[in-house]
């Protein structure tokens, strides 16, 4: 809308409102409960991986080296 005249600008599209469905529509507490169950199941089945401090350190070094080479922030 044009703030001066109160008319719609032809170049602007109306904002579409998406309705949340499924997991996104759930209460955040319920989402955490479901995610927690999935994490526990992964650990029980042996599919979850927990990094050792050495693995985490090596991964961090690789990430920082790659970020310095490309000039980006390591947190990106």
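The set of residues from the range 5-24 being part of a helix (DSSP H, G or I) and either at pLDDT below 75 or surrounded by 10 or more Cβ atoms within 10 Å (Cβ to Cβ) (or both) comprises just one member, 23. In the list 65, 58, 48, which residue meets the criterion of being surrounded by 10 or more Cβ atoms within 10 Å (Cβ to Cβ) and at pLDDT below 90? It is 48.
The values are calculated or read from the model by the stated rules, or taken from the named source; none is laboratory data. Keep in mind the model is a prediction, meaning the values are calculated, not measured. Ideal geometry is used to build each Cβ from the backbone, glycine not excepted, and the neighbour counts take in all protein chains shown.
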